[in-house]
Amino acid sequence: MRVLTGNCSLSLMPSCDAHREEAIGVFCDIEDIPEPTMRNGLPWDWESYADYRDSQQRGGLAVHTAALIGHSTLRIYVMGAEAWERASSEEELRRIVQTMDSAMAAGCFGFSTSFFDTDRHARPVPSRHADPRELEALVDVIARNGAGFVEFIPNQSVEDPRQDLDRMAEILGPRGVPGTWNGLVVSKMAPETCALLASHAEKQRMEGLDLYAQFSPRTLDMMITREQSLVFIMHPRGWNTLMSEDDPAAKRSMLADADWRRVAREEWDSLGMSIFPIKHPEKALFVSVTKPELEPWVGRNLAELAEARGLHPSDALAEWVLENDLNPGVVAVGVANDDIDDVARMLRHPATIVGASDAGAHL
């Protein structure tokens with residue numbers, strides 16, 4: 001088995017004491033990992049890529065691994081909290097390039113970046129604040145190395161989801177650096193998006209660009225916890241605001257507030273794309289409850305609850321979370337890739353490779 005780590009602009013290295021909590025926070029926000037697990041479950045006996053590699057080798061590995069450096073993690077390492085706010089200065093860019101150079105010399109496979117992700121407070125991740133010169137400088141490191149590649153996440157929530165594919169093609173193509181991108185799924189929420197992106201990816205391949213779309217052979221299923229969840233990343237005014245609130249009393253107040261419910265409901269209805277299955281609430285399954293009287297609902301879904309109570313699905317979910325002691329107890333099942341024929345067709349597509357398992361995330 002082979003495992004590639006460090007995708008989506010996030011990695012465990014480089015890391016330093018001064019900025020480690022910042023890096024842990026964004027990693028856990030994006031990947032739905034509890035912070036204590038990340039903070040206490042790892043030795044953190046590394047700073048550079050080479051240190052990380054040596055730490056892995058000391059412990060022994062059961063699988064073959066390759067690692068990328070996450071662009072957001074790299075920016076935090078060099079810039080600290082300001083990585084969230086602006087492009088790098090000339091001196092910071094020099095350090096970013098120097099760190100990437102050292103990593104490639106030590107066996108790193110390249111870097112990953114994201115044009116899409118936000119943290120639980122709806123802040124664009126640090127990689128999204130990099131300017132073109134920073135991206136070009138990082139790709140130049142790989143080009144000079146003569147090996148390695150770039151993984152990236154395009155922003156599919158914009159009017160034209162192809163724009164980031166073209167942006168990276170303009171940087172990677174002239175330098176002869178290969179790239180791969182993830183997030184290609186077949187979704188009933190936006191079936192036309194997959195066809196548009198796959199067709200564009202095939203066009204780029206025919207033009208000689210070394211760019212490959214990752215397509216996962218598994219369904220996309222996501223747990224929603226009381227602390228955080230990526231599924232509401234496209235609901236900045238409603239449900240993501242709730243997930244960003246740490247105070248339980250404030251969460252309860254928000255869920256009961258008529259104005260918040262109205263905003264959440266209107267946003268729910270207006271979205272063209274959402275990771276949470278807003279147009280298919282039957283895919284939101286109740287899997288755990290905190291009160292005996294709610295047990296009959298285990299195994300049933302949000303569509304049934306909304307119908308039974310005569311409520312909009314957003315309002316029904318709000319009432320459920322309140323009744324269940326702020327524990328959603330929900331798994332969104334088959335959010336994408338839920339049709340086996342669609343999956344088979346995309347796996348055979350000339351522009352795709354098998355990937356994007358998201359192993360270890362969103363548990």
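Some points to look at:
- Alpha-carbon centroid distance for the pair the range 299-334 / the range 48-111, whole angstrom: 41
- Charge dipole of the chain about the Cα centre (unit charges at C-beta), most positive-ward option of ASN155, ALA169, ALA344: ALA344
- For LYS283, a cut-off of 28 angstrom between C-alpha atoms picks up these lysines, skipping any fewer than 8 places away in its own chain: LYS188, LYS251, LYS291.
- Entry note, the chain: the mean residue ellipticity at 222 nm calculated from DSSP H runs of n ≥ 4, each adding -39500 (n - 2.57), is -12500 deg cm²/dmol after division by the residues and rounding to the nearest 500.
- Protection proxy ranking of 17-27, 231-241 - average other beta-carbon atoms within 10 Å, highest first: 231-241, 17-27
- Taken about its Cα centre, the chain carries a charge dipole of roughly 680 debye when the Cβ of each Lys and Arg holds +1 and the Cβ of each Asp and Glu holds -1.
- In this structure, the amide hydrogen of VAL3, modeled 1.01 Å from its nitrogen in the peptide plane, lies closer than 5 angstrom to those of HIS64, THR65, ALA66, counting only residues at least 5 positions away or on a different chain.
- For the chain: span of alpha carbons on each principal axis (Å, largest first): 62, 46, 40
- Relative contact order of the range 203-354: 35 percent, from C-alpha pairs under 8 Å at least 6 residues apart in sequence.
- Listed residue (CYS8, PRO248, SER89) projecting farthest to the positive dipole end of the chain, Cβ model: CYS8
- Packing rank of 151-164, 68-81, 343-356, 113-126, where each peptide gets the mean count of other beta carbons within 10 Å, highest leading: 68-81, 113-126, 151-164, 343-356
- Database remark: amide H of GLU151 closer than 5 angstrom to the amide H of PHE111, SER112, THR113, THR180 (H placed geometrically; neighbours at sequence offset of 5 or more, or on other chains; Pro and chain starts carry no H).
- Each residue of the range 207-218 was assigned a 3J(HN,Hα) from its phi angle through the Karplus expression (A = 6.51, B = -1.76, C = 1.60, θ = phi - 60°), giving 7, x, 7, 8, 10, 10, 8, 8, 10, 8, x, 10 Hz with x at Gly and Pro.
- When you restrict to C-alpha pairs under 8 Å that are six or more residues apart and normalise by the size of the chain, the relative contact order lands at 17 percent.
- P(r) tail, the range 221-335: Cα-Cα pairs separated by more than 17 Å, 50% of all pairs.
Quick note: the coordinates plus some simple rules give every number you see, no bench work behind them. As the structure is a prediction and not an experimental result, all values here were calculated from the model. Note: ideal-geometry Cβ built from the backbone for every residue, glycine included; neighbour counts use all protein chains shown.
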